[in-house]
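Engineer: Questions regarding the structure given below will be posed in turn.
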Amino acid sequence: MAKGDVKKAVLAYSGGLDTSVIVPWLRENYGCEVICFCADLGQAEELEGLEEKALASGASKLIVRDLREEFMRDYILPTLQAGAIYERKYLLGTSFARPIIARHQVLIAEEEGADAVCHGATGKGNDQVRFELTFFALNPRLKIIAPWREWSIKSRQDALDYAAEYNVPVTATAEKIYSRDRNLWHLSHEGGILEDPWNEPEEGMFMISVSPENAPDTPEELTITFVKGVPTAVNGQELGLVPLMDELNRIGGKHGIGRIDLVENRLVGMKSHGVYETPGGTLLYTAHRELESIVLDKETMRAKDRIALDYADLVYNGRWFTPIREHYDAFVRSTQENMTGEVRFKLYKGNAIVVGRRSPFSLYREDLATFGPDMVYNQKDAEAFIRLYGLSMKVQAFLK
């Protein structure tokens, strides 16, 4: 599809500098109508005045959708239950946010009769892949427009100059220390002094967690309840998924939980350095893992651990809408049937210390694990087991 053939495009819109200048750029270079779409994923950005800003930039309309519940239910929970962690640390907060945004872009394009979708991801990052693979999977007939791979804008000052030339209302300045992405799961930081991985992050950079040094001097106990692998209550109080996430972020952030400093391998082949704040997510991952330790049998847990690595790669690499992810989800869901119970923490100075776990489906048997007298386990049975278990080692020794 040539530029002149595009009649209407749906733009993933945040109201920031980049997406604001994309609106007039699309109109100038493609001559098309622009519909702005903002997905509310709990990014805590001010939505008031966003419509006026989009219209003033040249858009025909702004569509805002509150997707927080869907985000938690259909994207965060499956990833949590799979135990997926990218490169040992990253809890995938940006990675699984892009497929849900792109999915609704496609839906809106179909509803509005648009023939193109547009995103503001750069040509260096992972997000361009996550957006576009979702577009491919859900509607390959839509034209994809990625301005960062086309336009002459190369810097923040270029974008500001373009905004001034086309009277685009922006509040940004030339000084932008960090690139941030926020949703109800996490807050990421890149750029600025973080471009040198030797530099310690500045304390003023953090927004949703205190430093461990400034956390309360008194530990706080916290209990998280799960029903079939789904978190349902905090300290005995039943909460919906979104309020529960907000509460865990508040509590975890107060105690400096969930700060992650990571050098990661981007999909495009370069390394990047980022700092993530994931207080509530860290608590949920830890609690879910601890509950699994008493509910799941050894073979199932090992199988889940193997899947977790592949699942993390799928999410990070933008392959959410693939058959293999759906197959993995089917297996993981079957492992969550007995994942009902509670995990108790002691939170102190950046540490989430697990101090208790219990479940009506626990496989832990005190009468088997005891070091005291028991009537269940005959310790003499271990001798024959060890002889058989070590038989191959004895054969190797005889050969020597």
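The values are calculated or read from the model by the stated rules, or taken from the named source; none is laboratory data. For clarity, every value in this text was computed on a predicted model and none was experimentally measured. Reconstructed Cβ throughout: ideal geometry from the backbone, glycine too, with neighbour counts over all protein chains shown. The accessibility values were calculated without ligands, DNA or RNA, using every heavy atom of the protein model including side chains. Shrake-Rupley method; radii C 1.70, N 1.55, O 1.52, S 1.80 Å.
Engineer: Could you run through segment 318-338 and say how many residues are more than 15 Å from A308 (Cα to Cα) and within 22 Å of the chain's Cα centre (by Cα)?
Structural biologist: The qualifying residues number 4.
Engineer: Also, quick follow-up: What are the residues in segment 167-192 that are under 30 Å from G253 (Cα atoms), surrounded by 14 or more Cβ atoms within 10 Å (Cβ to Cβ) and not charged (D, E, K, R), if any?
Structural biologist: Across segment 167-192, the qualifying residues are A172, Y178, S179, N183, L184, W185, H186, L187, S188, H189, G191, G192.
Engineer: Here are some residues: G4, G42. Which one is free of Cβ contacts under 8 Å to residues at least 40 places away in the same chain, touching a helix residue (DSSP H, G or I) at 6+ places or on another chain (Cβ under 9 Å), of a type outside the set (S, T, N, Q) and open to solvent by 10 Å² or more (accessible area, probe 1.4 Å)?
Structural biologist: G4
Engineer: Then there is this: Collect the residues in segment 230-252 that are crowded, with 17+ Cβ neighbours inside 10 Å and outside any helix (DSSP H, G or I), keeping them in residue-number order.
Structural biologist: Within segment 230-252, V230, P231, V234, L239 meet the criteria.
Engineer: How many of the residues in segment 170-213 are among the small types (G, A, S) and in a loop (DSSP other than H, G, I, E, B)?
Structural biologist: Residues flagged as among the small types (G, A, S) and in a loop (DSSP other than H, G, I, E, B) within segment 170-213 amount to 5.
Engineer: List, please: which pairs have Cβ atoms under 7 Å, are six or more places apart or on different chains, and start with a residue in segment 203-228 that is in contact (Cβ under 8 Å) with a residue 12 or more places away in the chain and end with one that is of a type outside the set (A, V, I, L, M, F, W, C) and exposed (fewer than 13 other Cβ atoms within 10 Å of the Cβ)?
Structural biologist: Cβ pairs passing all conditions: S211/E203; T223/G236; K228/E337.
Engineer: Then there's this: Can you tell me which residues in segment 123-135 are of a type outside the set (D, E) and either at pLDDT 95 or above or within 19 Å of the chain's Cα centre (by Cα) (or both)?
Structural biologist: G125, N126, Q128, V129, R130, F131, L133, T134, F135 - these are the residues of segment 123-135 that are of a type outside the set (D, E) and either at pLDDT 95 or above or within 19 Å of the chain's Cα centre (by Cα) (or both).
Engineer: Next question, about the same structure. Tally up the residues in segment 254-269 that are in contact with a Ser or Thr (Cβ under 7 Å, 6 or more places away or on another chain) and either closer than 25 Å to F345 by Cα or open to solvent by 70 Å² or more (accessible area, probe 1.4 Å) (or both), please.
Structural biologist: Here the count works out to 5.
Engineer: For segment 229-253, enumerate the residues that are in contact (Cβ under 8 Å) with a residue 24 or more places away in the chain and touching a Ser or Thr at 6+ places or on another chain (Cβ under 6 Å).
Structural biologist: G253, the sole residue that qualifies.
Engineer: Can you work out which of the residues in segment 212-229 that are of a type in the set (S, T, Y) and either touching a Leu at 6+ places or on another chain (Cβ under 7 Å) or surrounded by 13 or more Cβ atoms within 10 Å (Cβ to Cβ) (or both) is nearest to M72 (Cα to Cα)?
Structural biologist: Residue satisfying both the conditions and the ranking: T225.
Engineer: When you scan segment 292-400 for helices (runs of 4 or more DSSP H) that lie fully inside it, which ones turn up with 3 or more residues that are out of contact with any strand residue (DSSP E or B) (no Cβ under 7 Å at 6 or more places or on another chain) and open to solvent by less than 90 Å² (accessible area, probe 1.4 Å)?
Structural biologist: Answer list for segment 292-400: 298-316, 323-335, 366-369, 391-399.
Engineer: A further question follows. Testing G269 on (1) at pLDDT 95 or above; (2) within 25 Å of W198 (Cα to Cα), one condition comes back false. Which one is that?
Structural biologist: If we test G269 against (1) at pLDDT 95 or above; (2) within 25 Å of W198 (Cα to Cα), just (1) comes out false.
Engineer: Also, I was wondering about something else. Do we have F131 as under 26 Å from E45 (Cα atoms), of a type in the set (A, V, I, L, M, F, W, C), part of a helix (DSSP H, G or I) and touching a Lys or Arg at 6+ places or on another chain (Cβ under 9 Å) here?
Structural biologist: Spelling it out, F131 is indeed under 26 Å from E45 (Cα atoms), of a type in the set (A, V, I, L, M, F, W, C), part of a helix (DSSP H, G or I) and touching a Lys or Arg at 6+ places or on another chain (Cβ under 9 Å).
Engineer: Please verify whether L92 is open to solvent by less than 20 Å² (accessible area, probe 1.4 Å), at positive phi and in contact (Cβ under 8 Å) with a residue 60 or more places away in the chain, treating the condition exactly as stated.
Structural biologist: Against the criterion (open to solvent by less than 20 Å² (accessible area, probe 1.4 Å), at positive phi and in contact (Cβ under 8 Å) with a residue 60 or more places away in the chain), L92 qualifies.
Engineer: Considering only residues that are assigned to a loop (DSSP other than H, G, I, E, B) and touching a residue at least 60 places away in the same chain (Cβ under 8 Å), look in segment 138-166 and name the one that is surrounded by the fewest Cβ atoms within 10 Å (Cβ to Cβ).
Structural biologist: E150
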